[in-house]
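Every read-out reported here was derived from the displayed coordinates using simple, explicitly stated rules and does not represent laboratory data. As the structure is a computational prediction, the values presented were derived from the model and not from experiment. Note that each Cβ is placed from the backbone with ideal geometry, even for glycine, and that neighbours are counted across all protein chains shown.
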C-alpha cells in the first residue's frame, strides 16, 4: 500500500527536517556552491530555483549523498550527517524524483516500484502476487492504470515518471525531492502530481521542488530559495514575491536599474524588406515545444529569450534537425527542408553552435585543423580523396578571420582557452558557408575579452548577410545584440519584441507575465489509459 510517512511518525509541522549551513563545494576551476544556507521544513513545499549553473543540481547531490560537501554542515532530523551514498540517504528517508527517470527499463513496473524492498513469503521468496496487487493499488491511487507485470520500457515517459513518483512516496520518506517532475507529464498527470504534493504536505513531509515553470511554483510552493552563481540570493515565502521580482532575482538584473541604464542596441544591419532566409512554422515537440514560429531575414540577428527550460535550445535543435518535431515546417531561402534530419538542414545552409561545446561540439583530442575541417570534409574532397591543400587554405583563412589564438593549426583544441574553443566551433560551421547560423549561448563560460570578440564577430557575420539566431541567458547581451527578440515560455512564443520595445524591462515583463488559468486543476474521477 502507498505509505508516505516515516516509520517513526511524521515530524512536527514546521520543524526543520533537512538543512545545510555554510555549504561549499568546488570542482576544478568552478565554485559550484558558496556559503549556501538552506532548510526544508516538515509540511512545507520549498521551491529551489535558478538558471543554468546556479548550483541547484550540486546542492541536491550533496543532500542525497552523490557528492560530499567541501565546507559546511548537513543536518538531518536534528543531527549532523554525511550520507556516503544515495542509498544511505534513501534509507534515512530522503527520496528523490529526477527529471530523467532513473529506473530499470527491462524490469516490470511492479519490480521497479518495489526494487530492493520486495515483499517476501515464509521461505524468503518474493511474493509476486502481493507485490503485483500492492503496485497496482499504489499506481491507481495516482490515477495510473497499467498492467504492472509489463516491462517499464513499454510505458510512455509520463507513465514512467508516475511510477517513479509512486516509488518515491512509498519508501517511508521524510523528505521528497522533485527535480523538474512535470517535464514529461500530461496536464491531467500534472494535476495528479499536485494533489500528491498537497497530500505529502498535509502529512508533514518536507518537499523540495525544483522547477523552471513559474506557474507551478506559485500554485504548489510555500517558500522559495533562489540560487545564482552558487550563492543564495533570496529565501522567503513565495506569496510575498511577485513574478517580476522573482525573475529579476534569478537573472541578476534589477528592474529599477534596467530602467535607469537606458541601454542601446546595435541595429540597422538589415533591410526590413530583405529576404527571409529562415521560416520556422508551428514547430511542435511533445512536452517541449508548442507551435513555435519565427522568421529570420538576411543580415538580421533574432534573439531567443526566456528562462531555462522555456524551449530555447529545443527550438534551435528542431530547426537544425537534431530534435525531430511532431509537427511544423522549416523553410530555408524559400526551399522546404526535411525536418528531423541534420544532414538535410546542413545541406540547406543551417548550422548550429550547441550550448555544450564540450559534449556536443569540439573533439578535444583532435587538432584545431581537424576540428575546423570536420564538417566540411565532404566538400573538401575529390573522388574520395581529401584535398589537404584546400583544407590548409580554409583553416588558415578562418584562424585569421576569427583571430583564433593557438600555437598553430596542429595544436589540440583541448589545450585552448574556452573562448578560442568557441571560435574553432564557429570556424567549423562558417566553413560550410551557411545561410543561417544558430548560436546557443555562444559566450557562456568564456572570459570578458573573448566574450567581446565573439559578440563583435556575430555583428560582422550579420553585416555580411548571414541570418543569425542568438540564444542567451544574458539579457544585456540579448538586448544589445539583437534586432528582434522572440520570447518563449513553457515551449510557446509569448511575445515578440521589435524596435524600441527591445529592452531588458520589456523582456523581463514578458518572461514574468501571468498566463491564462490552468485548464485542469483537479484529479479526474475516471483516469485514462497507460499513456503509451
Exercise for the section: Quickly rank 278-284, 42-48 as a protection proxy: mean count of other C-beta atoms within 10 Å, highest first. Expected result: 42-48, 278-284
Handout entry: Reciprocal of mean inverse Cα separation for the chain (Kirkwood radius, Å)
Key = 25.3
Exercise for the section: Could you check the simple spin-label distance between residue 496 and residue 233, using points 7 Å along Cα→Cβ, in nm with one decimal? Expected result: 3.0
Exercise for the section: Could you calculate the contour length gain from residue 284 to residue 326, that is, 0.36 nm times the residue separation minus the distance between their Cα atoms, to one decimal place in nm? Expected result: 14.6 nm
Fill in the blank from the handout: Quick calc: nm separation of the 7 Å Cα→Cβ label points for residue 363 and residue 386 -> 0.8
Completion exercise
Ranked output for segments 233-244, 390-401 by mean other Cβ atoms within 10 Å, highest leading, reads 390-401, 233-244
Problem - FRET efficiency for residue 16 and residue 219, using Cβ-Cβ distance with R0 set to 22 Å, rounded to 0.05 - result: 0.35
Practice task
Would you work out the relative contact order for the chain, in percent, from Cα pairs under 8 angstrom that are 6 or more residues apart?
Solution key: 17
Practice task
Treating the angle as unsigned and between 0 and 90°, give the value, to the nearest 10°, between the Cα long axis of helix 128-140 and the longest Cα principal axis of the chain.
Solution key: 70
Exercise for the section: Could you state the angle between the C-alpha long axis of helix 187-202 and the longest principal axis of the C-alpha atoms of the chain, as a value from 0 to 90 degrees rounded to the nearest 10? Expected result: 50
Exercise for the section: Output the peptides 497-505, 344-352 sorted from most to least packed, where packing is the average of other Cβ atoms within 10 Å over each peptide's residues. Expected result: 344-352, 497-505
Exercise for the section: Could you tell me whether region 356-433 comes out rounded, prolate or oblate from its Cα gyration tensor? Rule is a ≥ b ≥ c as square roots of the eigenvalues, rounded for a/c under 1.5, then prolate if a/b exceeds b/c, otherwise oblate. Expected result: prolate
Practice task
Could you tell me what fraction of 2.2 N^0.38 Å the Cα radius of gyration of region 81-137 comes to, as a two-decimal ratio?
Solution key: 1.33
